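The values are calculated or read from the model by the stated rules, or taken from the named source; none is laboratory data. Given the structure is predicted, the values throughout are model-derived calculations rather than measurements. Glycine also receives a Cβ, built like all others from the backbone with ideal geometry; neighbour counts cover every protein chain displayed.
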Amino acid sequence: MNYRLQQKITRICWVVGLAALAIPFVFPFIWMLSGALKGQADVFASASLIPQTIHWSNFSEVFSYQPFARQYFNSLYIAVIVTTLTLFLSSMAGYALARLRFAGSALVLLLLISALMMPEEVTIIPNFFLMRELGLMNTHMPLILLPLFGSQGVMATFLMRQFFLALPKELEEAGRMDGLSRFGVYFKVALPLSKPALSAVGIITFLFSWNLFLEPLVFVNDIKLFTLPLALANFTDTYGLPLWHLQLAATALAVIPMLIVYILAQRQIVESFALSGVKG
């Protein structure tokens with residue numbers, strides 16, 4: 001057996017093995033699409049993934065049952081704002097922690113990392129009283145501020161710090177010799193080189209904000225202000241039982257932005273996690 005044939009057989013075995021391992025991860029997604037095209041009585045009545053009758057009307061009924069388009073837009077614009085602000089603040093904070101030496105910098109980093117160990121369920125009560133005192137209840141501001149300055153923002157800052165630590169200092173010193181200020185070095189040298197880390201932080205932050213459930217449940221009670229996680233749980237009948245065909249159809253629509261974001265940035269997120277552990 002020549003080397004080329006052996007290499008081809010090895011590649012085929014790898015593809016078959018990885019395809020088999022992917023089945024448990026892909027099957028729930030296929031089942032969701034199948035249920036989204038079935039009637040309410042057929043979702044659990046048959047184990048077949050191919051609907052006997054395709055109900056395309058499920059997708060239009062989703063928008064007539066509640067203001068789903070408005071809720072979709074709520075999740076979208078909140079995720080975009082949170083992602084944009086997190087990229088801006090975490091990149092600046094991460095660069096400062098990686099390059100600037102000031103009194104208490106190690107303590108600041110320790111406090112930030114310790115914030116990652118605090119479950120959201122522990123901080124939700126003081127955050128509730130804080131937002132109530134600020135008059136921000138039943139608004140989208142808590143859904144923007146809490147991820148930005150909470151554990152998600154801390155994780156983004158830590159990732160950016162790790163990436164900036166791995167950048168050669170010689171590149172920044174060359175910028176300083178050209179007359180750039182510290183902010184100029186950050187903006188014109190370090191920031192353009194941090195695209196892999198920014199992509200990773202962006203996709204993680206976007207997905208975190210898109211899937212946020214506890215904070216909207218606590219701070220929002222107007223159905224027009226609901227985000228998608230709350231909207232999905234709101235597809236129920238008069239007895240409070242889930243309308244599975246509508247929930248699955250709405251979930252299929254809600255997954256689309258996440259798939260787009262991940263497909264566009266999957267290479268950058270892998271590269272960033274590989275580089276984030278180079279220096280500590």
**OP:** Select from region 40-88 the residues that are free of Cβ contacts under 8 Å to residues at least 12 places away in the same chain and within 13 Å of ALA231 (Cα to Cα) and list them in ascending order.
**Re:** PHE63, SER64, ALA69, PHE73
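Yes/no matrix, rows are residues, columns are (1) surrounded by fewer than 11 Cβ atoms within 10 Å (Cβ to Cβ); (2) of a type in the set (A, V, I, L, M); (3) modelled with pLDDT of 90 or more:
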| site | (1), (2), (3) |
| --- | --- |
| ALA19 | yes, yes, no |
| ALA22 | yes, yes, no |
| PHE25 | yes, no, no |
| ILE30 | no, yes, no |
| GLY35 | no, no, no |
| GLY39 | no, no, no |
| ASP42 | no, no, no |
| ALA47 | yes, yes, no |
| ILE50 | yes, yes, no |
**OP:** Please determine, by comparing only the residues of region 71-84 that are crowded, with 17+ Cβ neighbours inside 10 Å and more than 13 Å from ILE203 (Cα to Cα), which one is farthest from the chain's Cα centre (by Cα).
**Re:** GLN71
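Taking the conditions exactly as written (under 18 Å from ILE81 (Cβ atoms), out of contact with any helix residue (DSSP H, G or I) (no Cβ under 7 Å at 6 or more places or on another chain) and at pLDDT below 90), does PHE149 satisfy them or not?
Working: under 18 Å from ILE81 (Cβ atoms): yes; out of contact with any helix residue (DSSP H, G or I) (no Cβ under 7 Å at 6 or more places or on another chain): yes; at pLDDT below 90: yes.
When the stated conditions are applied, PHE149 passes them.
Would you confirm whether any residue within region 11-28 is outside any helix (DSSP H, G or I) and either free of Cβ contacts under 8 Å to residues at least 24 places away in the same chain or in contact with a Leu (Cβ under 9 Å, 6 or more places away or on another chain) (or both)? Lay out the reasoning, then the answer.
At the first step, the residues of region 11-28 found to be outside any helix (DSSP H, G or I) are none.
No, there is no match, as no residue in region 11-28 is outside any helix (DSSP H, G or I) and either free of Cβ contacts under 8 Å to residues at least 24 places away in the same chain or in contact with a Leu (Cβ under 9 Å, 6 or more places away or on another chain) (or both).
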Subject >> Criterion: of a type in the set (A, V, I, L, M) and more than 13 Å from VAL201 (Cβ to Cβ) - qualifying residue of LEU148, LEU159, LEU97 >> reply: LEU97
Original post:
Restricting region 183-208 to residues that are more than 30 Å from SER75 (Cβ to Cβ) and touching a residue at least 24 places away in the same chain (Cβ under 8 Å), which is surrounded by the fewest Cβ atoms within 10 Å (Cβ to Cβ)?
Top reply: LEU193
**OP:** Pairs only if they're at least six apart or on different chains, beta carbon under 9 angstrom, first in region 213-230 and basic (Lys, Arg), second at pLDDT 90 or above and in a helix (DSSP H, G or I); list them, first residue then second.
**Re:** LYS224/ARG70; LYS224/GLN71; LYS224/ASN74
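Results for (1) closer than 29 Å to LEU243 by Cα; (2) in contact with a Ser or Thr (Cβ under 8 Å, 6 or more places away or on another chain), shown as yes or no for each residue.
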| position | (1), (2) |
| --- | --- |
| THR10 | no, no |
| CYS13 | no, no |
| VAL16 | no, no |
| ALA19 | no, no |
| PRO24 | yes, no |
| PHE27 | yes, no |
| ILE30 | yes, no |
| GLY35 | yes, no |
| GLY39 | yes, yes |
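Taking into account only those residues within region 110-142 that are part of a loop (DSSP other than H, G, I, E, B) and of a type in the set (A, V, I, L, M, F, W, C), which is farthest from the chain's Cα centre (by Cα)?
Step one: list which residues in region 110-142 are part of a loop (DSSP other than H, G, I, E, B), which gives 116-119, 134-140.
From what's left, of a type in the set (A, V, I, L, M, F, W, C): 116-118, 134, 136-137.
Details: LEU116: 16, MET117: 19, MET118: 19, LEU134: 27, LEU136: 24, MET137: 24 Å.
Only one residue tops the list, namely LEU134.
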Original post:
Which of the residues that make up region 146-182 are surrounded by fewer than 20 Cβ atoms within 10 Å (Cβ to Cβ) and assigned to a loop (DSSP other than H, G, I, E, B)?
Top reply: GLY150, PRO168, ASP178, GLY179, LEU180, SER181
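Restricted to region 38-49, and to residues that are in contact with a helix residue (DSSP H, G or I) (Cβ under 7 Å, 6 or more places away or on another chain) and in a loop (DSSP other than H, G, I, E, B), which residue is nearest to PHE27 (Cα to Cα)?
LEU49
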